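One structure coming up, written as structure tokens, with questions to follow.
Derivation of every value follows stated rules applied to the coordinates shown; laboratory data play no part. Everything quoted here is computed from the prediction, not taken from an experiment. Please note: Cβ atoms are built from the backbone with ideal geometry, for glycine as well, and neighbour counts cover all protein chains shown.
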Amino acid sequence: MTRRAIQDRLTASFTSETREKLRRFIHKEYFAVHKRLSLKQVKQRTEEWIGEGDKDRDPSISVIRVLLHGMEFSFVKLQSRTHVYMDPGLCKLQANFLRIMKELRTQGNLMIWSCDETWVHKGMRPRIGWQDMRAVKQPLTFLKNGLTAGNSAQWKKGERLVIVACLSHEGFRCPKVWRTGRVDDGGDYHAEMNAEEFENYIETVFIALRDEAQKEKKTPVLQMDNAKYHSRVRDKMPCQNDRKEVMSKWLKDHNMPCPDSWKKKEMIEALKQLDRRDYNVYIVDEMAKKYGITLVRTPPYMAEYAPIEYGWSSIKKAMADSRIDEGGISFDPRQLTVEEVVEEADALIDDDDDDEVFDLEEMSEMSVEF
């Protein structure tokens, strides 16, 4: 009997009431208060989670361990993403996004594109694979005998490229590649982007989306995140951290009272009386209105609402699997075309990747149901 079969069999031997109470017990008593969970503690507090149908059972620590695995708990390296779904501010943005998408979908007949950026580099290789553990333990001996020191992950990344594209029902649209000229150092690729370049690119997207939507008589919608270069403000309203001179100039430029005798505190009070939404005009939002595009911003840190993220994942997997540094896609030639990377990677997915990529409409439906 396999380990999975043993887990399933033992888990099924407990009532659904016990399993549900155990899950709630762990979440409320430990996860919600950021308290470290141990099997010994769960064992000591059995009476708090055992169901009526299992009152005569006294599960050991070993049984509890198997039960938790059967319930899809795992002892793994913890991440910090849980706070995203518990932070009031982020939850408010999430609710607003879902409300907007629900209202749009109620209208129906939409053409939705999802826009985002990612990076690739020449040395991309699979992070998981078969390894000769004896070679890892005795690398010099294996090298001396004409073998290798074992399989390796990427160690020489090479030049990094920034790719921006949109994902639609028909696949990737409007791909563009920025050659950074930099070797991938593990830093944030966002530093290599700027608002002006992105605004020039997004205008071509708006035109393409508008024209295609008009042809199919649909309402064009574009999803994107709130990256800094997506959100440049025209004539930005000063904030409290700005210098006094900046505040004074802005108030006077907008024909608002600002005597020379005013101190910074008085200027801040004057600015507080104003609604930033009436003055801060986002350039990309202005462009979207110009071309008749409904622009929807996805909530921060919640990439699951951006369908193109699933596309990027598939592209990177395909690139790594094809060993692009050994006869696959190469980023060395200086004659690299704009479409080469995305089109060739898209073909790799079609040929080699059996995993389904979520389509845009399905993801939007999931968002509304959630």
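Using a basic spin-label model with each label point 7 Å from the Cα along Cα→Cβ, how many nm lie between Phe73 and Asp278?
5.4 nm
Taking 0.36 nm per intervening residue step and subtracting the Cα-Cα distance, what contour gain separates Thr82 from Glu212 on full extension? Provide the component values of the computation, followed by the final result.
Values: separation 130, 0.36 × 130 = 46.80 nm, distance 3.90 nm.
Residue separation times 0.36 nm, minus the Cα-Cα distance, leaves 42.9 nm.
Under the 0.36 nm per residue contour assumption, what length would be gained going from the current alpha-carbon distance of Glu170 and Asn194 to full extension? Could the numbers behind the result be given before it?
Working: separation 24, 0.36 × 24 = 8.64 nm, distance 2.82 nm.
5.8 nm is the gain from fully extending Glu170 to Asn194.
Another question, if that's okay. For a Förster distance of 45 Å, can you work out the FRET efficiency between the beta-carbons of Glu48 and Ala303, rounded to the nearest 0.05?
Details: r = 36 Å, r/R0 = 0.81.
Plugging the Cβ-Cβ distance into 1/(1 + (r/R0)^6) gives 0.80.
Going by a ≥ b ≥ c, the root eigenvalues of the Cα gyration tensor, does region 3-78 fall in the rounded group (a/c under 1.5), the prolate group (a/b larger than b/c) or the oblate group? All intermediate terms of the calculation are to be shown ahead of the outcome.
On the way: a/c = 1.70, a/b = 1.18, b/c = 1.45.
Oblate, because a/c is 1.5 or more while a/b does not exceed b/c.
Multiply the residue gap between Ala5 and Leu143 by 0.36 nm, knock off their C-alpha separation, and tell me the result in nm, one decimal place. Could the numbers behind the result be given before it?
Values: separation 138, 0.36 × 138 = 49.68 nm, distance 4.16 nm.
Contour length minus the Cα-Cα distance gives 45.5 nm.
Could you order the peptides 66-74, 198-206, 218-226, 259-267 from most to least packed, using the average number of other C-beta atoms within 10 Å per residue?
218-226, 198-206, 66-74, 259-267
Taking the Cβ-Cβ separation of Glu269 and His34 as r and a Förster radius of 41 Å, what is the calculated FRET efficiency to the nearest 0.05?
E between Glu269 and His34, to the nearest 0.05, is 0.60.
Could you compute the FRET efficiency for Arg232 and Lys289, with r as their C-beta to C-beta distance and R0 at 22 Å, rounded to 0.05? Display every interim value, and only then the final one.
Details: r = 15 Å, r/R0 = 0.70.
According to the calculation, E is roughly 0.90.
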